[in-house]
1. Which trypsin sites (Lys or Arg not before Pro) does region 106-138 hold that lie in a coil by DSSP with at most 14 other beta carbons within 10 Å?
2. Would you work out if region 178-221 is rounded, prolate or oblate? Take a ≥ b ≥ c from the square roots of the eigenvalues of the alpha-carbon gyration tensor; rounded if a/c is under 1.5, else prolate when a/b is larger than b/c, oblate otherwise.
3. Please work out whether region 84-186 counts as rounded, prolate or oblate from its C-alpha gyration tensor, where a ≥ b ≥ c are the square roots of the eigenvalues and a/c under 1.5 means rounded, while otherwise a/b larger than b/c means prolate and anything else oblate?
4. For helix 239-248, report the angle its Cα long axis makes with the longest principal axis of the Cα atoms of the chain; keep it between 0 and 90° and round to the nearest 10°.
5. Which shape class, rounded, prolate or oblate, goes with region 145-213 when its Cα gyration tensor gives a ≥ b ≥ c as root eigenvalues, a/c under 1.5 marks rounded, and past that a/b bigger than b/c marks prolate?
6. Using 0.36 nm per residue of separation minus the Cα-Cα distance, give me the extension gain between Gln94 and Thr210 in nm, one decimal.
7. Report, ordered by chain and residue number, the lysines lying within cross-link reach of Lys119, taken as a straight Cα distance under 23 Å and ignoring same-chain residues fewer than 8 apart.
8. Roughly what % antiparallel, to the nearest 5, for the DSSP beta bridges in the chain?
Amino acid sequence: MTAPASDAESGSLTGTGLHLAFGRNKILRGVDIHVDAGTTTSVIGPSGSGKSTLLRVLNRLHEPDAGDILLDGRSVLGDNPDRLRQRIGMVFQQFNLFPHRTVADNVALGPRKLRGLSKDEARSLALEQLDLVGLRAKADSRPANLSGGQQQRVAIARALAMKPEIMFFDEATSALDPELVKGVLALMADLASGGMSMIVVTHEMGFARTVSDTVLFMDGGVVVETGEPEAVFDDPQTDRLRSFLSQVL
Ligand code: ADP
Ligand code: MG
């Protein structure tokens, strides 16, 4: 495949012909995805359709059985997977903050250990990132003293502190109480409009419609439909997408 011109910018990601099986169970059956630098792609689809697996293949937590992955137009399959994971920020449903460390230490840890920053540099970077997510005042609190929504914003700050080229979100708001979802989605929307490249696996159809540049609908390990949000939501081309939308909208 010829990479589009925009691949020269930082943070574009392309997966082509991605296949993955667990034993005889084929989970991804030839998935293509392309995220232009600075754009947001939302991945929607029923439970078990392979959305999380796709993210895990794209950051090489699972090695694809076939296909290629290009970051900024260059294949990453020959690189050290740890290096790739530093270029991709991951935010999951479960925040997995270290409970016995302060909020600031949670954010500073990665930059210290993996990017070689000094203690002071990492601390000031952490405070800067916490400021960005509106939680500088909580820097010296323990995670347990924060709401779920605040903890997820700390997890986002932690990922951003690694200066990723692209961010992956896997149902980042699914574990939150309903009243806390909005704040996290607003932060994600801010990141998107600030030019971060993002892949967002989500059940929040409002977010997918209003924030994404591209929506990708997966079912049964394939991309059934993809396009601009208006096309995907207002003019679905397949019964599978129509039926999915009728259940979630
Ligand atoms: P989604 O995120 O869309 O709900 P997943 O990617 O988590 O779907 O899962 C897709 C399918 O792959 C499911 O049938 C799931 O049981 C299976 N699966 C996911 N991870 C593993 C694994 N590590 N080993 C075996 N099967 C898995
Ligand atoms: Mg999932």
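1. In loop regions of region 106-138 (DSSP not H, G, I, E or B), there are no sparsely surrounded trypsin sites (Lys or Arg not before Pro).
2. On the way: a/c = 2.30, a/b = 1.28, b/c = 1.79.
Oblate, because a/c is 1.5 or more while a/b does not exceed b/c.
3. Numbers: a/c = 1.90, a/b = 1.28, b/c = 1.48.
Verdict is oblate for region 84-186.
4. Rounded to the nearest ten degrees, it is 40.
5. Since a/c reaches 1.5 but b/c is at least a/b, the shape of region 145-213 is classed as oblate.
6. 39.3 nm
7. Lys138, Lys163
8. So the antiparallel bridges amount to about 55 percent of the total.
Every number here is computed from the coordinates shown, using simple stated rules; none is lab data. Just so it is clear, the structure is predicted and the values come from calculations on it, not from any experiment. Glycine also receives a Cβ, built like all others from the backbone with ideal geometry; neighbour counts cover every protein chain displayed.
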